[in-house]
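Okay, structure first, notes after.
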Amino acid sequence: MLGFVILPNHFHVLLFLTHTGTGLNHLVGDCKRFMAYDIVNSLKRQGKESLLQELQFGVQRKEKLKGKIHQVFKSSFDAKQCFDERMLEQKLEYIHHNPVKGKWKLVDDFTDYPHSSAGFYELGRVGVVDIRHYKDLN
């Protein structure tokens with residue numbers, strides 16, 4: 001992974017795939033599936049029944065017949081291939097500045113946003129993301 005930012009309703013990630021054995025669609029599908037399992041299990045542990053019910057309403061009939069219970073993520077994703085270093089830097093700058101732009105305004109300085117790789121790139125901070133923010137560790 002080259003860079004990331006996790007926002008309240010979506011996330012951005014820059015990936016560098018070092019092998020050709022697994023396609024991007026399959027990789028993203030697996031990632032979303034495992035994250036969804038973890039999110040649903042965490043919501044169950046926290047007793048967030050109303051949110052779990054909301055996620056159940058999002059499951060399409062065809063998927064329910066296959067046994068799917070919750071719809072955590074949209075089925076699609078937007079992928080852009082970076083062809084050169086300039087484009088890579090442009091995308092990294094865009095995702096890192098997302099928390100301070102538009103409707104978000106989550107922090108004043110993008111390097112202060114804890115759920116991002118911006119602190120590493122801009123200030124050399126290592127280990128800025130603590131996974132305990134994303135899991136119920138009780």
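The values are calculated or read from the model by the stated rules, or taken from the named source; none is laboratory data. Just so it is clear, the structure is predicted and the values come from calculations on it, not from any experiment. With ideal geometry, Cβ positions are generated from the backbone for all residues, glycine too; neighbour counts draw on all protein chains shown.
If the condition is being touching a residue at least 40 places away in the same chain (Cβ under 8 Å) and of a type in the set (Val, Ile, Thr), then the stretch 46-84 contributes only 72. When each of 62, 32 is tested for being surrounded by fewer than 13 Cβ atoms within 10 Å (Cβ to Cβ) and assigned to a helix (DSSP H, G or I), the lone residue that passes is 62. Based on this model, can you work out whether residue 125 counts as charged (D, E, K, R) and either at pLDDT 90 or above or exposed (fewer than 10 other Cβ atoms within 10 Å of the Cβ) (or both)? Considered against the rule, which asks whether it is charged (D, E, K, R) and either at pLDDT 90 or above or exposed (fewer than 10 other Cβ atoms within 10 Å of the Cβ) (or both), residue 125 comes out as no.
So that you can scan it fast, the table gives a plain yes or no per residue for (1) under 15 Å from the mean Cα position of the chain (by Cα); (2) hydroxyl-bearing (Ser, Thr, Tyr); (3) under 21 Å from residue 113 (Cβ atoms); (4) assigned by TED's automatic domain parsing to the domain that holds residue 107:
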position	(1), (2), (3), (4)
9	yes, no, yes, yes
34	yes, no, no, no
42	no, yes, no, no
74	yes, no, no, no
88	no, no, yes, yes
95	yes, no, yes, yes
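Pick from the stretch 64-122 the residues that are over 22 Å from residue 34 (Cβ atoms) and of a type in the set (S, T, N, Q): which of them is modelled with the lowest pLDDT? Give the steps one after another, and end with the answer.
Restricting attention to the stretch 64-122, the residues satisfying the condition of being over 22 Å from residue 34 (Cβ atoms) are 65, 80-94, 96-114, 118-122.
From what is left, the residues that are of a type in the set (S, T, N, Q) are 81, 90, 98, 111.
Values: 81: 86, 90: 93, 98: 93, 111: 92.
In this case the residue turns out to be 81.
Of the numbered criteria (1) free of Cβ contacts under 8 Å to residues at least 24 places away in the same chain; (2) surrounded by 14 or more Cβ atoms within 10 Å (Cβ to Cβ); (3) of a type in the set (Ser, Thr, Tyr), the one residue 42 fails is (1). Going by what's in this entry, would residue 55 be described as part of a helix (DSSP H, G or I), modelled with pLDDT of 90 or more, farther than 26 Å from residue 126 by Cβ and in contact with a helix residue (DSSP H, G or I) (Cβ under 9 Å, 6 or more places away or on another chain)? Considered against the rule, which asks whether it is part of a helix (DSSP H, G or I), modelled with pLDDT of 90 or more, farther than 26 Å from residue 126 by Cβ and in contact with a helix residue (DSSP H, G or I) (Cβ under 9 Å, 6 or more places away or on another chain), residue 55 comes out as yes.
Return the only residue of 77, 73 being crowded, with 16+ Cβ neighbours inside 10 Å and part of a loop (DSSP other than H, G, I, E, B).
After ruling out the rest, the residue left standing is 73.
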